[in-house]
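Chemist: Pasting in a structure now, in structure tokens, and then I'll have a few things to ask.
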Amino acid sequence: MTTAPTQPKADSDARVYARVPVASDFPGPPVVVVGVPRSGSKFLTHVLNQVEDLYVFDDLYLRREADGVGGGSGPLDDHQLSELIGWLSRRTFIKPDYPYAFERPNFTQHEADALRDAVLAALRGRGRTWVGVLQEWMVRVALRHGRTRWGYKAPGDFFCMDQIDAELPDTRYLYLHRDPRTMLASRKFSPDLYGGRGLYHPWVYASYWRLAHRMITGSRASREGRVMRVAFEDMVKRPNETAEAVAAFVGSRVTGPVPVGKVNSSFKANARRAITPTERWLCGRVAGREMLDAGYDPDGSCLRLRDVPDLIATSCRFSAHQARRAVVSPRSRAAVRRMVSGLCSHRPSAPTTAAAP
């Protein structure tokens with residue numbers, strides 16, 4: 001579903017393709033969707049795009065790209081800037097037959113290239129960070145769609161919330177969480193398009209879910225009023241109510257009922273595949289306290305010896321896949337390093353009582 005521009009084209013183009021910075025003219029706080037992959041964040045992006053005057057970009061992992069070119073923690077040089085803006089241009093033009101996005105940016109290949117050239121001219125030599133590049137790019141993308149506010153989805157950006165706040169201090173964060181056992185099943189049985197089973201390990205992803213929950217919920221006190229929790233299970237049952245709640249959270253309103261399309265797997269009638277009792281047990285052992293805080297009850301699953309061969313095979317497959325990623329791609333290597341560092345770090349525990357969104 002493509003969101004068509006609603007502003008007059010001449011006015012929109014003048015700002016979208018300006019060769020000087022324009023982001024400071026639109027200071028509205030961005031919205032960032034964070035959490036853990038396979039939690040339904042693609043559908044939350046779709047819900048957010050029903051909020052008036054807000055355009056949210058699905059799957060925009062610019063921080064990962066910045067790490068890959070050595071520009072994740074400071075000002076970018078011209079080469080790094082060119083690399084990141086080139087990547088943004090490629091992400092902004094999505095082929096018309098790409099089936100896994102509710103909202104596609106409304107850019108032709110030629111327009112995406114023109115936007116790349118304009119933003120390069122506007123930012124070259126200014127020493128911007130990846131956050132500044134993201135802001136300049138997304139303001140223009142939002143304007144192209146007739147909106148003046150913007151957001152993006154990158155679940156793993158809960159790692160860099162402090163960095164985002166340093167430049168965009170009013171940023172709103174939507175923390176989407178899903179029962180980790182169903183999240184693990186979604187990851188384990190996801191199609192090869194998403195990386196296949198080599199990305200899956202129950203201990204790693206249960207630990208990652210726990211880390212995300214601890215870091216995001218633990219930051220709510222310091223980000224008073226800027227972090228909202230959204231339960232996946234509530235969102236798919238009541239998408240319109242979710243849209244109204246998140247619209248109120250970002251200070252806006254919804255434009256109408258949320259369209260539910262076939263692309264969202266949460267609304268398909270296909271039979272679900274479940275992880276093994278041993279994987280469920282492992283998930284509860286790793287993240288049981290955080291599951292209770294999020295409203296999910298551990299189910300008393302126990303370790304089964306007959307599941308051990310599957311767990312060993314999963315461990316070997318995951319280790320081989322991550323090693324291959326780390327060797328082949330600097331960007332993937334940076335992502336693996338950040339995950340390992342996060343899992344090995346000591347984080348404060350989340351509170352034991354559930355908090356309201």
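The values are calculated or read from the model by the stated rules, or taken from the named source; none is laboratory data. Nothing here was measured: the structure is a model prediction, and the numbers come from that model. Heads up, the Cβs are rebuilt from the backbone with ideal geometry, glycines too, and the neighbour counts pull from every protein chain shown.
Chemist: What do you reckon, is Y200 more than 30 Å from L115 (Cβ to Cβ), at pLDDT below 95, touching a Phe, Trp or Tyr at 6+ places or on another chain (Cβ under 7 Å) and not basic (K, R)? Please lay out each step first, then the result.
Modeler: Details: more than 30 Å from L115 (Cβ to Cβ): yes; at pLDDT below 95: yes; touching a Phe, Trp or Tyr at 6+ places or on another chain (Cβ under 7 Å): yes; not basic (K, R): yes.
Yes; evaluated as a whole, the condition is true for this residue.
Chemist: Next question. Which number in (1) over 18 Å from the mean Cα position of the chain (by Cα); (2) among the basic types (K, R); (3) within 30 Å of F189 (Cβ to Cβ) marks the one condition that R104 misses?
Modeler: (1)
Chemist: Related question: Looking at this structure, is R273 modelled with pLDDT of 90 or more, under 29 Å from A323 (Cα atoms) and surrounded by fewer than 22 Cβ atoms within 10 Å (Cβ to Cβ)?
Modeler: Details: modelled with pLDDT of 90 or more: no; under 29 Å from A323 (Cα atoms): yes; surrounded by fewer than 22 Cβ atoms within 10 Å (Cβ to Cβ): yes.
Answer is no for this residue.
Chemist: For segment 61-81, give me each residue that is surrounded by fewer than 24 Cβ atoms within 10 Å (Cβ to Cβ), at negative phi and not in a helix (DSSP H, G or I).
Modeler: Y61, V69, G71, G72, S73, G74, P75, D77
Chemist: Is it the case that segment 129-146 has a residue that's in a loop (DSSP other than H, G, I, E, B), closer than 20 Å to S41 by Cβ and not polar (S, T, N, Q)? I'd like the intermediate steps shown before the answer.
Modeler: Residues of segment 129-146 that are in a loop (DSSP other than H, G, I, E, B), as a first pass: 129, 145-146.
In the following step, the residues that additionally are closer than 20 Å to S41 by Cβ were identified as 145.
If we keep only those that are not polar (S, T, N, Q) as well, we get 145.
The answer is yes, given that some residue of segment 129-146 is in a loop (DSSP other than H, G, I, E, B), closer than 20 Å to S41 by Cβ and not polar (S, T, N, Q).
Chemist: A further question follows. Would you be able to tell me the number of residues in segment 152-173 that are over 10 Å from the mean Cα position of the chain (by Cα) and not polar (S, T, N, Q)? It would help to see each step written out before you state the result.
Modeler: Our first condition is that a residue be over 10 Å from the mean Cα position of the chain (by Cα); within segment 152-173, this holds for 159-173.
Keeping just the survivors that are not polar (S, T, N, Q) gives 159-162, 164-170, 172-173.
So the count comes out to 13.
Chemist: Can you find a residue in segment 250-257 that is of a type in the set (A, V, I, L, M, F, W, C), outside any helix (DSSP H, G or I) and over 22 Å from R178 (Cα atoms)? Steps first, please.
Modeler: If we filter segment 250-257 for residues that are of a type in the set (A, V, I, L, M, F, W, C), which is where we start, we get 250, 254.
Then drop every residue that is not outside any helix (DSSP H, G or I), which leaves 250, 254.
Restricting the remaining residues to those that are over 22 Å from R178 (Cα atoms) gives 254.
Yes, some residue in segment 250-257 is of a type in the set (A, V, I, L, M, F, W, C), outside any helix (DSSP H, G or I) and over 22 Å from R178 (Cα atoms).
Chemist: Go through (1) buried (at least 20 other Cβ atoms within 10 Å of the Cβ); (2) over 23 Å from S252 (Cβ atoms); (3) modelled with pLDDT under 95 one by one and return the number of the condition V133 breaks.
Modeler: Answer for V133: the failing condition is (3).
Chemist: Right, here's the next one. Criterion first (modelled with pLDDT of 90 or more, touching a helix residue (DSSP H, G or I) at 6+ places or on another chain (Cβ under 8 Å) and β-branched (V, I, T)) does V230 satisfy it? I'd like the intermediate steps shown before the answer.
Modeler: On the way: modelled with pLDDT of 90 or more: yes; touching a helix residue (DSSP H, G or I) at 6+ places or on another chain (Cβ under 8 Å): yes; β-branched (V, I, T): yes.
Against the criterion (modelled with pLDDT of 90 or more, touching a helix residue (DSSP H, G or I) at 6+ places or on another chain (Cβ under 8 Å) and β-branched (V, I, T)), V230 qualifies.
Chemist: Across segment 276-315, which residue is surrounded by the most Cβ atoms within 10 Å (Cβ to Cβ) among those that are assigned to a loop (DSSP other than H, G, I, E, B) and under 28 Å from the mean Cα position of the chain (by Cα)?
Modeler: Initially, segment 276-315 is screened for residues assigned to a loop (DSSP other than H, G, I, E, B), giving 276, 295-304.
Now drop any that are not under 28 Å from the mean Cα position of the chain (by Cα), which leaves 276, 295-298.
Values: T276: 20, G295: 14, Y296: 22, D297: 10, P298: 16.
The residue in question is Y296.
Chemist: Which one is modelled with the lowest pLDDT, of the residues in segment 233-270 that are under 27 Å from A185 (Cβ atoms) and hydroxyl-bearing (S, T, Y)?
Modeler: Per the criteria, the residue is S266.
Chemist: Out of (1) surrounded by fewer than 23 Cβ atoms within 10 Å (Cβ to Cβ); (2) farther than 20 Å from D58 by Cα; (3) in contact with a helix residue (DSSP H, G or I) (Cβ under 6 Å, 6 or more places away or on another chain), the odd one out for T182 is which?
Modeler: (3)
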